[in-house]
Amino acid sequence: MTDAFAALPSAVRGTFDTVRARDPHEPEFQQAVHEVLSAIVPVLERHPAFVEGGIVERIVEPERQIVFRVPWVDDSGRLRVNRGFRVQFSSVLGPYKGGLRFHPTVNLSIVKFLGFEQIFKNALTGQGIGGAKGGSDFDPHGKSDAEVMRFCQSFMSELYRHLGEHTDVPAGDIGVGAREIGFLFGQYRKITNRHESGMFTGKGVQWGGAEVRTEATGYGAVFFVENMLAVHGESLDGRRVAVSGSGNVATYAIDKVRQLGGIPVTASDSSGYIVDDAGIDVDLLREVKEVQRARISEYVTRRRSARFVEGARPWAVPVDIALPSATQNELDEQDAAALIASGVRAVAEGANMPSTPAAVAAFRDAGVLFGPGKAANAGGVATSALEMSQNASRQRWSFADSEDKLRSIMGDVHDAAFRAAERYGHPGDYVVGANAAGFERVAHAMLAQGVI
Ligand code: NDP
């Protein structure tokens, strides 16, 4: 993270200074707190009770943080040790809810930034879910299925005591997909002797998972773009779209862009990106990434219209719409300048905090429609909440019904952010709108529930 923090108004400066003093080695967490605090000043001005109730001072401190040892044995018989995390940030609106990330870059700062974001995102969905995040510095890349299983079993052997359908409900994130969720759920079931479907979301549809949960974050991000464009009488039809990443979010964002008449022209992984002017072939992408678990360059060996650019990000490709959907801080000021120079109309964050603060400022200054992650990628967790409802009532909804619900929720999330931006005097600013709408809901609940 290279951007310096802009000065904050006095109403929130003291809290931010405390966060920096308390957590000096947590730059991503500081970045996420800074974004929220800068956006909610108008809310605090209008609601003195939030200031008197110490809402801001309380909300930046997680309710509970769990850090634990994860020992496991690799295929050669060697003992390995990773570090596990779960940060239970806020349960004021419902059980803690948020994904698990397995990636070598995971540390407490990353987990706290994700957990903090999750509080307001979950509030924005209108569902009864709190905010949390967790994970490990374990890297599933290059590991055998048996190694991944042993790691997941060891991870859950500690974490299970902190989870439960009314306590804390994890899901997937980077490096945690269907395979990992299966192993984690299996171990929880064995240890607790309970088939507690509602304690994990993103489960296989054969054993308690919900239709559309796999597709929900990517589809939802595209629905969010559809809503932003519709305000101006525009649509996705015929528009070129750059997507980064080639995992869960990116794949289904690409899929939905195609279905709605747009042309997704890029995808990426940590080795580089591909450009396919004919439009990314989703089936081939899934074959390469999900089935073969290969590098993205494999795609171009089987598709004549595509080329691979090694060691770079896709933001120099001229497009109308950009959907950063890989990881945090993957789109910086220079990338934003390149996109703006090529005439980008809308940017929606499929990933969490993929744009640096300077990039966000550049998009807002240039009048680009900008959907921040806590609104644009809320479709995943919203569909997780639908999965919890189905588990609780032992119902199953069809794919078409579930997708209709997702589309309608994303319309509501868009409208909540859009209206809050207007209400607080920043029309069209979804950063202010999303943060204000999410924060308002959490703050009212915290006031009502007292100092706890
Ligand atoms: P996946 O693990 O399925 O895919 C991640 C993708 O991003 C891969 O293509 C990966 O490439 C790439 N990537 C990861 N880290 C880096 C890095 N440091 N540099 C470059 N590329 C990288 O994860 P998801 O698709 O689930 O998550 C993507 C983003 O979306 C994350 O920010 C996540 O927090 C967010 N998100 C996910 C939700 C979900 O429902 N899954 C919900 C809401 C937000 P490689 O394989 O080479 O590492």
Exercise for review: Obtain the nm distance between the two label points defined at V291 and S144 by a simple spin-label model: each point lies 7 Å from its Cα along the Cα-to-C-beta direction.
Suggested key: 2.4
Revision key, fill the gap. Heavy-atom accessible area with a 1.4 angstrom probe orders H141, H426, H166, most exposed first, as H166, H141, H426
Point to revise | Overall form of the chain per C-alpha gyration tensor (a/c, 1.5; a/b vs b/c) | key: rounded
Review point. Principal axis lengths of segment 316-452 from Cα atoms, whole Å, largest first?
Key: 51, 40, 25
Exercise for review: First measure r as the distance between the Cβ atoms of D412 and E57, then evaluate 1/(1 + (r/R0)^6) with R0 = 35 Å and state the FRET efficiency to the nearest 0.05.
Suggested key: 0.70
Check your understanding: Cross-link partners among lysines for K256, C-alpha distance below 16 Å, same-chain residues fewer than 8 apart left out?
Key -> K405
Practice item. May I ask you to give the solvent-accessible area per residue for the chain, in square angstrom, as obtained with a 1.4 angstrom probe? Key: 39
**Study point:** Beta bridges per DSSP with both ends in segment 64-196, % antiparallel, nearest 5
**Key:** 70
Practice item. Can you list which of the trypsin sites (Lys or Arg not before Pro) found in segment 72-110 are DSSP loop residues with at most 13 other C-beta atoms within 10 Å? Key: R78
Practice item. On the protein heavy atoms, probe 1.4 angstrom, tell me the percent of accessible surface of the chain carried by carbon and sulfur. Key: 48
Review point. Count of lysine pairs in segment 64-196 with Cα atoms under 24 Å apart, counting only pairs 8 or more residues apart in sequence or on different chains?
Key: 10
Review point. How about segment 309-399: which trypsin sites (Lys or Arg not before Pro) there lie in a loop by DSSP and see at most 14 other Cβ atoms within 10 Å?
Key: R394, R396
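Can you give the charge dipole size of the chain about its Cα centre, rounded to the nearest 20 debye, using +1 on the beta carbon of Lys and Arg and -1 on the beta carbon of Asp and Glu?
Result for the chain is approximately 1080 debye, rounded to the nearest 20.
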Review point. Hey, got a sec? Which trypsin sites (Lys or Arg not before Pro) in segment 179-246 land in a DSSP loop and have at most 15 other Cβ atoms within 10 Å?
Key: R194
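The values are calculated or read from the model by the stated rules, or taken from the named source; none is laboratory data. Note that the coordinates shown come from a computational prediction; the quantities given were computed from them, not determined experimentally. Cβ coordinates were reconstructed from backbone atoms using ideal geometry, including for glycine residues, and neighbour counts include every protein chain displayed. Quick note on the areas: whole protein, heavy atoms, side chains included, nothing else; ligands and nucleic acids left out. Shrake-Rupley method; radii C 1.70, N 1.55, O 1.52, S 1.80 Å.
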